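Notes follow once the structure below has been shown.
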Amino acid sequence: MHQVGETASARPQPFERCGDGLVIAIRESLTFCRHSLRMLRHVRGVILMLAMALLFCTVMIARVEDTPFGDALYFTLITGLTIGYGDITPTTAAGRFVSILAGVIGVIFVGLVVAIATRALKLTAQDEAARKEQ
(Lines give C-alpha, C1' and ligand atoms only; values in the text may rest on other atoms or scores of the structure.)
Protein backbone atom coordinates (compact mmCIF):
# COMPACT_ATOMS: atom_id res chain seq x y z
CA MET A 1 0.00 0.00 0.00
CA HIS A 2 1.33 3.48 -0.73
CA GLN A 3 0.63 6.75 0.91
CA VAL A 4 -1.21 9.68 -0.64
CA GLY A 5 0.99 11.42 -3.19
CA GLU A 6 3.41 8.48 -3.49
CA THR A 7 3.61 6.86 -6.89
CA ALA A 8 4.14 3.19 -7.56
CA SER A 9 7.60 3.87 -9.04
CA ALA A 10 8.79 5.41 -5.75
CA ARG A 11 8.42 2.08 -3.95
CA PRO A 12 11.68 0.26 -3.20
CA GLN A 13 12.62 -2.47 -5.64
CA PRO A 14 13.32 -6.02 -4.44
CA PHE A 15 16.77 -6.35 -2.81
CA GLU A 16 17.21 -2.55 -2.86
CA ARG A 17 17.79 -2.47 0.88
CA CYS A 18 20.34 -5.29 0.68
CA GLY A 19 22.71 -3.32 -1.52
CA ASP A 20 23.94 -3.75 -5.02
CA GLY A 21 26.56 -6.33 -3.99
CA LEU A 22 23.96 -8.91 -3.07
CA VAL A 23 22.00 -8.33 -6.27
CA ILE A 24 25.13 -8.72 -8.36
CA ALA A 25 26.14 -11.88 -6.49
CA ILE A 26 22.71 -13.44 -6.99
CA ARG A 27 22.63 -12.50 -10.69
CA GLU A 28 26.13 -13.89 -11.28
CA SER A 29 25.31 -17.09 -9.37
CA LEU A 30 22.19 -17.66 -11.45
CA THR A 31 24.11 -16.94 -14.65
CA PHE A 32 26.81 -19.42 -13.59
CA CYS A 33 24.17 -22.09 -12.89
CA ARG A 34 22.50 -21.44 -16.24
CA HIS A 35 25.79 -21.82 -18.14
CA SER A 36 26.71 -24.95 -16.13
CA LEU A 37 23.38 -26.63 -16.84
CA ARG A 38 23.59 -25.72 -20.51
CA MET A 39 27.01 -27.39 -20.79
CA LEU A 40 25.90 -30.40 -18.75
CA ARG A 41 23.29 -31.08 -21.42
CA HIS A 42 26.09 -31.52 -23.96
CA VAL A 43 28.03 -34.05 -21.87
CA ARG A 44 25.19 -35.82 -20.07
CA GLY A 45 25.90 -39.04 -21.98
CA VAL A 46 29.52 -39.05 -20.82
CA ILE A 47 28.48 -38.25 -17.24
CA LEU A 48 25.91 -41.05 -17.31
CA MET A 49 28.48 -43.48 -18.73
CA LEU A 50 31.01 -42.57 -16.02
CA ALA A 51 28.37 -42.91 -13.29
CA MET A 52 27.37 -46.33 -14.64
CA ALA A 53 31.03 -47.38 -14.73
CA LEU A 54 31.42 -46.36 -11.08
CA LEU A 55 28.27 -48.31 -10.23
CA PHE A 56 29.77 -51.32 -12.02
CA CYS A 57 32.94 -50.89 -9.94
CA THR A 58 30.80 -50.80 -6.81
CA VAL A 59 29.07 -54.07 -7.71
CA MET A 60 32.39 -55.71 -8.59
CA ILE A 61 34.01 -54.61 -5.32
CA ALA A 62 31.00 -55.90 -3.37
CA ARG A 63 31.24 -59.31 -5.07
CA VAL A 64 34.99 -59.76 -5.27
CA GLU A 65 35.73 -58.49 -1.77
CA ASP A 66 32.57 -59.99 -0.22
CA THR A 67 31.65 -56.55 1.14
CA PRO A 68 28.17 -55.10 1.77
CA PHE A 69 26.93 -52.91 -1.07
CA GLY A 70 26.91 -49.76 1.10
CA ASP A 71 30.55 -50.24 2.05
CA ALA A 72 31.47 -50.97 -1.56
CA LEU A 73 29.69 -47.81 -2.72
CA TYR A 74 31.45 -45.76 -0.04
CA PHE A 75 34.81 -47.27 -1.03
CA THR A 76 34.22 -46.62 -4.74
CA LEU A 77 33.24 -43.00 -4.21
CA ILE A 78 36.13 -42.30 -1.83
CA THR A 79 38.53 -43.94 -4.28
CA GLY A 80 37.00 -42.26 -7.34
CA LEU A 81 37.22 -38.82 -5.73
CA THR A 82 40.87 -39.61 -4.86
CA ILE A 83 40.25 -39.02 -1.15
CA GLY A 84 41.35 -42.49 -0.09
CA TYR A 85 40.82 -42.61 3.67
CA GLY A 86 42.23 -46.12 3.85
CA ASP A 87 39.59 -47.43 6.24
CA ILE A 88 38.46 -49.98 3.63
CA THR A 89 41.07 -51.59 1.42
CA PRO A 90 40.85 -54.33 -1.22
CA THR A 91 42.52 -57.61 -0.30
CA THR A 92 42.28 -59.49 -3.61
CA ALA A 93 44.07 -58.83 -6.89
CA ALA A 94 40.73 -58.39 -8.66
CA GLY A 95 39.62 -55.92 -5.99
CA ARG A 96 42.81 -53.91 -6.42
CA PHE A 97 42.34 -53.84 -10.18
CA VAL A 98 38.74 -52.60 -9.82
CA SER A 99 39.98 -49.97 -7.32
CA ILE A 100 42.47 -48.66 -9.87
CA LEU A 101 39.71 -48.58 -12.48
CA ALA A 102 37.44 -46.65 -10.09
CA GLY A 103 40.24 -44.17 -9.41
CA VAL A 104 40.85 -43.53 -13.12
CA ILE A 105 37.13 -43.14 -13.82
CA GLY A 106 36.82 -40.79 -10.85
CA VAL A 107 39.70 -38.60 -12.08
CA ILE A 108 38.02 -38.31 -15.48
CA PHE A 109 34.69 -37.45 -13.82
CA VAL A 110 36.21 -34.78 -11.56
CA GLY A 111 38.17 -33.35 -14.49
CA LEU A 112 34.98 -33.05 -16.51
CA VAL A 113 33.17 -31.28 -13.67
CA VAL A 114 36.10 -28.87 -13.21
CA ALA A 115 36.20 -28.16 -16.96
CA ILE A 116 32.47 -27.38 -16.98
CA ALA A 117 32.79 -25.10 -13.95
CA THR A 118 35.78 -23.29 -15.46
CA ARG A 119 33.97 -22.69 -18.75
CA ALA A 120 30.82 -21.55 -16.94
CA LEU A 121 32.85 -19.07 -14.88
CA LYS A 122 34.45 -17.69 -18.04
CA LEU A 123 31.08 -17.27 -19.74
CA THR A 124 29.64 -15.65 -16.60
CA ALA A 125 32.51 -13.15 -16.50
CA GLN A 126 32.00 -12.37 -20.21
CA ASP A 127 28.27 -11.86 -19.67
CA GLU A 128 28.90 -9.53 -16.74
CA ALA A 129 31.50 -7.52 -18.70
CA ALA A 130 29.10 -7.18 -21.64
CA ARG A 131 26.32 -6.10 -19.28
CA LYS A 132 28.52 -3.41 -17.73
CA GLU A 133 29.40 -2.05 -21.19
CA GLN A 134 25.75 -1.46 -21.99
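Looking at V107, V114, which one is in contact with a Gly (Cβ under 9 Å, 6 or more places away or on another chain), in a helix (DSSP H, G or I) and either on the phi > 0 side of the Ramachandran plot or among the β-branched types (V, I, T) (or both)? Break it down stepwise before answering.
On the way: V114 fails: in contact with a Gly (Cβ under 9 Å, 6 or more places away or on another chain).
That would be V107, the only listed residue that is in contact with a Gly (Cβ under 9 Å, 6 or more places away or on another chain), in a helix (DSSP H, G or I) and either on the phi > 0 side of the Ramachandran plot or among the β-branched types (V, I, T) (or both).
Hey, among T79, T67, which residue is touching a helix residue (DSSP H, G or I) at 6+ places or on another chain (Cβ under 8 Å), outside any helix (DSSP H, G or I) and surrounded by 19 or more Cβ atoms within 10 Å (Cβ to Cβ)?
Values: T79 fails: outside any helix (DSSP H, G or I).
So the residue among T79, T67 that is touching a helix residue (DSSP H, G or I) at 6+ places or on another chain (Cβ under 8 Å), outside any helix (DSSP H, G or I) and surrounded by 19 or more Cβ atoms within 10 Å (Cβ to Cβ) is T67.
Checking the condition loosely packed, with under 15 Cβ neighbours inside 10 Å, closer than 30 Å to A130 by Cα and at pLDDT 95 or above, which residue from V114, V46, V107 passes?
Unique residue meeting the criteria: V114.
Spot the failing condition for S29; the list is (1) in contact (Cβ under 8 Å) with a residue 24 or more places away in the chain; (2) of a type in the set (S, T, Y); (3) within 21 Å of T118 (Cβ to Cβ), and only one is missed.
If we test S29 against (1) in contact (Cβ under 8 Å) with a residue 24 or more places away in the chain; (2) of a type in the set (S, T, Y); (3) within 21 Å of T118 (Cβ to Cβ), just (1) comes out false.
Of the conditions (1) at pLDDT 95 or above; (2) touching a helix residue (DSSP H, G or I) at 6+ places or on another chain (Cβ under 6 Å), F15 clears all except one; give me its number.
Answer for F15: the failing condition is (1).
Looking at (1) among the β-branched types (V, I, T); (2) surrounded by fewer than 16 Cβ atoms within 10 Å (Cβ to Cβ); (3) farther than 30 Å from C33 by Cα, which one does V98 not meet, given that it meets all the others?
All conditions are met except number (2).
Find all pairs meeting these conditions: Cβ atoms under 6 angstrom apart; at least six residues apart or on different chains; first residue within region 97-110 and among the small types (G, A, S); second residue assigned to a helix (DSSP H, G or I) and surrounded by 15 or more Cβ atoms within 10 Å (Cβ to Cβ).
Listed pairs, sorted by first residue: S99/T79; A102/C57; A102/T76; A102/T79; A102/G80; G103/T79; G106/G80.
The values are calculated or read from the model by the stated rules, or taken from the named source; none is laboratory data. Nothing here was measured: the structure is a model prediction, and the numbers come from that model. Positions of Cβ are backbone-derived with ideal geometry, glycine not excepted, and every protein chain shown enters the neighbour counts.
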